[in-house]
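The values are calculated or read from the model by the stated rules, or taken from the named source; none is laboratory data. Computed from a predicted model, the values in this text were never measured in an experiment. Here the Cβ positions follow ideal geometry from the backbone for every residue, glycine too, while neighbour counts run over all protein chains shown. Keep in mind that these areas ignore ligands, DNA and RNA; they rest on the heavy atoms of the full protein, side chains included. Shrake-Rupley method; radii C 1.70, N 1.55, O 1.52, S 1.80 Å.
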Amino acid sequence: MKHLLSIADLTSEELIEIIKTAEKLKEERYKGITTDYLKNKSLAMIFELPSTRTRVSFEVAMTELGGHALYLNWNDLQLGRGEPIKDTARVMSRYVHAVMMRVRDHAVLEEYARYSTVPVINGLSNLEHPCQVLADLLTIYEYKGDLKEITLAWIGDGNNVCNSLILASALTGMSMIISTPENYEPNREIVKKAQELGAKVKFVRDPKDAVRDADVIYTDVWTSMGQESEREKRLKDFARYQVSEELVKLSTEDVVVMHCLPAHRGEEITDEVVEGKHSIIFDQAENRLHAQKAILLRLIGED
Ligand code: CP
Ligand code: NVA
């Protein structure tokens, strides 16, 4: 029994295996091949925050693999009325085969996982977004091949997605150049851990310096869920960090642009870039489905 709270809960080998499985399942789906690897298995999906991609792709993934997913809003559960996390975790473990959770505070996820006897999957916390990053790696692999040869430029907020990418870079050998405003750097302990694991991570203040030799430009919202009260300040602090046509033009000719979505056009990215020829954003979004299936098979599929 294994949880997926952090991308670093996987070994390099497991991570590559998930990408390969996702690639295979994607191919099969295009050919119309159906499987029921998760027949009679149930996934509980507990959301403390909204979601489009994570919710729908996990639910469809379970359906297409012959299983069942339950969408559970935190506030509709007794959790919302104060039932302890440790009680909820133990009760759920008696009913379902895995739990996917989206929470404000990563510590809640860790507490839940301590009491759960079935795998717990991080569907986004303030600290990490491992399922997103597995789909991202599948996408980069499809477009660019060998991840070891790739340089990814992260522009904007050093947030949950950035943290998971940094740890993933340690597992895959991918290089990262990170450009954030002062005081918006990624989590210090995660950077330290990744560097100890051999991650090639560089920091530059000017986004122009980050994109020059990049194979991938990646950005995400300036105000993540739960940070809404900081929005006005963030708009000012991030003003120089927009992924615009001008910025993309400074990069390599075949650079690809990624965004985990939802995007705020006119803030962290322009409409022209989202809709432009370098954007692989909607293929990236599709890959959430294929990657999610591979994660589920890894955690609750039969050997
Ligand atoms: N990228 C992502 O996790 O999107 P949702 O918030 O819609 O799930
Ligand atoms: N960093 C964003 C990602 C949304 C999928 C957030 O946490 O809101």
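Scanning the range 45-55 for residues that are near ligand 1 (Cβ under 8 Å from one of its atoms) and hydrophobic (A, V, I, L, M, F, W, C) yields a single hit, 49. The set of residues in the range 54-72 being in contact with a strand residue (DSSP E or B) (Cβ under 6 Å, 6 or more places away or on another chain) and open to solvent by 20 Å² or more (accessible area, probe 1.4 Å) consists of 59, 68, 70, 71, 72. For residue 202, the criteria (1) part of a helix (DSSP H, G or I); (2) open to solvent by 80 Å² or more (accessible area, probe 1.4 Å); (3) charged (D, E, K, R) hold in every case but one, which is (1). Just wondering, is there one or more residues in the range 102-117 that are of a type outside the set (Ser, Thr, Tyr), under 30 Å from residue 252 (Cα atoms) and crowded, with 24+ Cβ neighbours inside 10 Å? No, that holds for no residue. What is the residue count in the range 118-175 for residues that are small (Gly, Ala, Ser), crowded, with 24+ Cβ neighbours inside 10 Å, under 25 Å from residue 238 (Cβ atoms) and within 16 Å of ligand 2 (Cβ to nearest atom)? So the answer is 5. Of the strands (runs of 3 or more DSSP E) that lie entirely inside the range 62-166, those containing 3 or more residues that are in contact (Cβ under 8 Å) with a residue 40 or more places away in the chain span 98-102, 120-122, 151-155.
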